[in-house]
Amino acid sequence: MKEAKGIIFDIKRFAVHDGPGIRTTVFFKGCPLKCWWCANPEGQNPDPEEILSLFNQDSEGNCTKEIIGREVVAKEVMNEVSKDRVFYEESEGGITFSGGEPLLQPVFLSSLLSLCKEEGFHTALDTSGYAPKDIFEEIIDNVDLFLYDLKLLNEEEHIKYTGVSLDLILANLRYLCKKKKEIIIRIPIVPSITDSSENINQIGSFVSKLNCISRVDILPFNKMGEAKYRRLEKPYMLNNITPPSEGRMNEIKKQLEAFDLNVKIGG
Ligand code: SF4
């Protein structure tokens, strides 16, 4: 049987914000969304692509280009993630699949999830939720924890700031709830885009009615992705936006807690 192949752009060991315990996060390339605040723009294009080098310059002092993203077979990824088995066991950690959107490479993801389960690893999937339901059906049994993004509950704004409709995302979330999966909702808090009281109230109300969410993580926008846009020679849409203050994050936390939700600032 041919081994599943996929395209990734990074494997990060000792991750502590992508699910419980110490984890290794595998970053898949390709995402159907184009969120204005995306901190991993190198994860959007499904193919390997050129990026300006951080370290290398040509004789005229211009940055040279390198390729980000590479094709790998599942076994190669498993060899890498298996190195930290002892840390996963001691910290109740495991493996997280992130991106980009891992569900855009369903065969590769499914193969990795099965291999992780054979090894006894806890698995988490960091997803936008934007994928056909049959792909969720295919992988659901081998995912222990879903890290599920909710960004905006107004359809027009969702399309404006992410490029896609909200319906499929909400339908898939309801499906995961029906299947009694463990789900943490993640809300990026981007000033003047996602942080309005109205949006937070809409999300709080929607999520609390689902009665299946273990926690809501609110993730303050940061500018760490900005340099990557320059290196990819792509426009950065949020030049004039500054990260939310600690005070504003605490207000949003309280606003969501009023819906009887367990809320955490940060991942
Ligand atoms: S869903 Fe995530 S990876 Fe995709 S564009 Fe949005 S922030 Fe970036």
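A short reminder: the numbers here are calculations on the coordinates, not readings from a lab. From a predicted model like this one, the values you see are computed outputs, not experimental measurements. Because the Cβ atoms are built from the backbone with ideal geometry, glycine has one as well, and the counts that use them run over all protein chains shown.
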- Query: Along the principal axes of its C-alpha atoms, what lengths does the range 27-162 span, in descending order and rounded to whole Å?
  - Reply: 53, 43, 27
- Task: Taking H placed 1.01 Å from N in the peptide plane, check which residues at least 5 places from Lys29 or on another chain put their amide H under 5 Å from its amide H.
- Result: Ile7, Ile8, Phe9
- For the range 29-43, just list the computed ³J(HN,Hα) in residue order, Karplus coefficients 6.51, -1.76 and 1.60, θ = phi - 60°, integers in Hz, with x standing in for Gly and Pro. 8, x, 8, x, 9, 9, 5, 4, 9, 3, 8, 10, x, 6, x
- Task: At 7 Å along the Cα-to-beta-carbon direction for both Ile67 and Glu118, put a label point, then send me their distance in nm to one decimal.
- Result: 2.8
- Query: Which value, in debye to the nearest 20, describes the size of the charge dipole of the chain about its Cα centre when Lys and Arg Cβ atoms bear +1, Asp and Glu Cβ atoms bear -1, and nothing else is charged?
  - Reply: 360
- Would you work out which of Ile22, Asn201, Val72 lies farthest towards the positive end of the dipole of the chain? Charges go on Cβ: Lys and Arg +1, Asp and Glu -1. Asn201
- Percent relative contact order of the range 121-205, based on C-alpha pairs within less than 8 angstrom and at least six residues apart? 34
- Message: Please list the three semi-axes, largest first and in whole Å, of the ellipsoid equivalent to the chain, using sqrt of 5 times the eigenvalues of its alpha carbon gyration tensor.
- Response: 28, 25, 17
- Query: Any idea how far apart Ser192 and Arg248 come out in nm if each label point goes 7 Å out from Cα toward Cβ?
  - Reply: 1.0
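Pull up the DSSP beta bridges for the range 5-265 and report the antiparallel fraction as a percent, rounded to 5.
Bridges in the range 5-265 are about 35 percent antiparallel.
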- Message: If the reach is capped at under 18 angstrom between alpha carbons, list the lysines near Lys12, excluding any in the same chain fewer than eight residues apart.
- Response: Lys29, Lys75, Lys83, Lys228
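Could you tally the net charge around Lys209, taking each other residue with its Cβ under 11 Å from the Cβ of Lys209, Lys/Arg +1 and Asp/Glu -1? Numbers along the way, then the final one.
Working: positive: Arg174; negative: Asp260.
Within the 11 Å Cβ shell, the charges total 0.
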- Taking a label point 7 Å from the Cα of Ser214 along the Cα→Cβ vector, which residues of the range 152-180 have an amide N closer than 16 Å to it? 176-180
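Dividing the alpha-carbon radius of gyration of the range 124-243 by 2.2 N^0.38 Å (N being the number of residues), what value is obtained?
On the way: Rg = 15.2 Å, N = 120, 2.2 N^0.38 = 13.6 Å.
Dividing the Cα Rg of the range 124-243 by 2.2 N^0.38 Å gives 1.12.
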- Provide the net charge surrounding Pro243, with neighbours chosen by a C-beta distance below 15 Å and charges set as Lys +1, Arg +1, Asp -1, Glu -1. -2
- Query: Along the range 106-111, what does the Karplus equation 6.51 cos²θ - 1.76 cosθ + 1.60 (θ = phi - 60°) give for ³J(HN,Hα), rounded to whole Hz, x for Gly and Pro?
  - Reply: x, 5, 5, 4, 4, 5
- Query: Which trypsin sites (Lys or Arg not before Pro) from the range 1-78 combine a DSSP loop assignment with at most 11 other Cβ atoms within 10 Å?
  - Reply: Lys2
